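The values are calculated or read from the model by the stated rules, or taken from the named source; none is laboratory data. If you're wondering where the values come from, they're calculated on a predicted model, not measured in any experiment. Here the Cβ is made from the backbone with ideal geometry for all residues, glycine too, and neighbour counts use every protein chain on show. Surface accessibility is based on the protein's heavy atoms, side chains included, excluding ligands, DNA and RNA. Shrake-Rupley method; radii C 1.70, N 1.55, O 1.52, S 1.80 Å.
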Amino acid sequence: MQYVAPVGIGVLYALLMSLVREPHRRRLNALMVAGAGAAYLSGGGLGGWEFAFTALVTCVAFRGLDSWTFIGVGWLLHTAWDVVHHIKGNPIIPFAHTSSLGCAICDPVIALWCLRGGPSLIDVFRGRGREEPRATMVP
């Protein structure tokens, strides 16, 4: 369950974000990845590197305001930071020892969705996702 639940959380995140219409969905996700980049600041487990990482993810998130690719890259950067924190022993939630591992499993799920352009999963499940526009007949 420790490995399955984070995948479900990533899918749930994408489903909930699917309720937000574009371009607001992309911009909101850029803000979310920026916030995730600052998640470890209060723990200070890696000293000044926490500030450097936050600055890097903030720059990537800023570019993500106009690009799903940058948002996906931001989530992958956060995944790498989660792994470092899991190995070093500074979890994202101080009282949950494996919380960084869970985050490292969840974040790539979100990243894959973002790298696909953050499509509305609701529309995809309804069969309306990424349809080709229909040609109209000209009289």
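Contour minus end-to-end for residue 46 and residue 7, with contour as 0.36 nm per residue of separation and end-to-end as the Cα-Cα distance?
Working: separation 39, 0.36 × 39 = 14.04 nm, distance 2.65 nm.
Result: 11.4 nm gained on full extension.
If you build a Gaussian network model of the chain, linking Cα atoms that sit under 10 Å apart, which residue out of 42, 99, 67 swings the most? Among 42, 99, 67, the largest mean-square fluctuation in the Gaussian network model of the chain belongs to 42. Roughly how many Å² of residue 63 are accessible to a 1.4 Å probe, to the nearest 10? About 130 Å², rounded to the nearest 10.
Multiply the residue gap between residue 16 and residue 80 by 0.36 nm, knock off their C-alpha separation, and tell me the result in nm, one decimal place. It would help to have the intermediate numbers written out before the result.
Working: separation 64, 0.36 × 64 = 23.04 nm, distance 2.43 nm.
Computed gain between residue 16 and residue 80 is 20.6 nm.
The heavy atoms of residue 59 offer some 90 square angstrom of accessible surface to a 1.4 angstrom probe.
In deg cm²/dmol and to the nearest 500, what is the mean residue ellipticity at 222 nm of the chain if only DSSP H runs of at least 4 residues count, each as -39500 (n - 2.57), divided by the residue total?
Numbers: 6 runs with 88 residues, N = 139.
Estimated from H runs of four or more residues: -20500 deg cm²/dmol.
Over the chain, Cα pairs under 8 Å with separation of 6+ residues give a relative contact order of 30 percent.
Based on the Cβ-Cβ distance of residue 24 and residue 58, what FRET efficiency does E = 1/(1 + (r/R0)^6) give at R0 = 22 Å, to the nearest 0.05? Write down the numbers at each step before the final one.
On the way: r = 20 Å, r/R0 = 0.91.
For R0 = 22 Å, the calculated efficiency reads 0.65.
Residue 20: net charge of surrounding residues, Cβ under 11 Å, Lys/Arg +1, Asp/Glu -1, itself excluded? Value of the local net charge: +3.
Accessible surface of residue 4, taken over heavy atoms with a 1.4 Å probe and every protein chain present, rounds to 100 Å².
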